[in-house]
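Shown next, in C-alpha cells, is the structure this report addresses.
The values are calculated or read from the model by the stated rules, or taken from the named source; none is laboratory data. Note that this is a predicted model, so its numbers are computed, not measured. Reconstructed Cβ throughout: ideal geometry from the backbone, glycine too, with neighbour counts over all protein chains shown. These area figures cover heavy atoms from the full protein model, side chains too; ligands, DNA and RNA do not enter into them. Shrake-Rupley method; radii C 1.70, N 1.55, O 1.52, S 1.80 Å.
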Amino acid sequence: MLLIALIVVGLLVTSNISKKDQPTLESPIGTTGSGAPKISVQPKDVQQFEKDMNAFMENEASEQAKKISQATQ
C-alpha cells in the first residue's frame, strides 16, 4: 500500500513539474502586456514588425530618459 501511495505521489509531482516547464502559446501577431510587438510568423509581416519594433524601441528609450531625468532632479 505504501509503495503504491509513493508511486502515485511521485507521478503527481512529476506531472506538476512538467506543466510548469512548458511555455504557453501566445498569438504571434499583436502586442504583449508590456507593449512589445510579437514576432511575426508570416514573411509578409516582417516589414510591419520592423516598423512596430522601431516604434517600440523609440518609445521605451524616451520613457527611460524621462524616468532618468525625473530621478536625477
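If Ser18 satisfies every condition in (1) at pLDDT below 75; (2) in a helix (DSSP H, G or I); (3) open to solvent by 100 Å² or more (accessible area, probe 1.4 Å) but one, which is the exception?
(3)
When you look at Ser27, is it among the polar types (S, T, N, Q), at negative phi, open to solvent by less than 80 Å² (accessible area, probe 1.4 Å) and modelled with pLDDT of 90 or more, yes or no?
For Ser27, the condition - among the polar types (S, T, N, Q), at negative phi, open to solvent by less than 80 Å² (accessible area, probe 1.4 Å) and modelled with pLDDT of 90 or more - is not met.
So, of the residues in segment 35-73 that are in contact with a helix residue (DSSP H, G or I) (Cβ under 9 Å, 6 or more places away or on another chain) and not hydrophobic (A, V, I, L, M, F, W, C), which turns out to be surrounded by the fewest Cβ atoms within 10 Å (Cβ to Cβ)?
For segment 35-73, the residue satisfying everything is Gly35.
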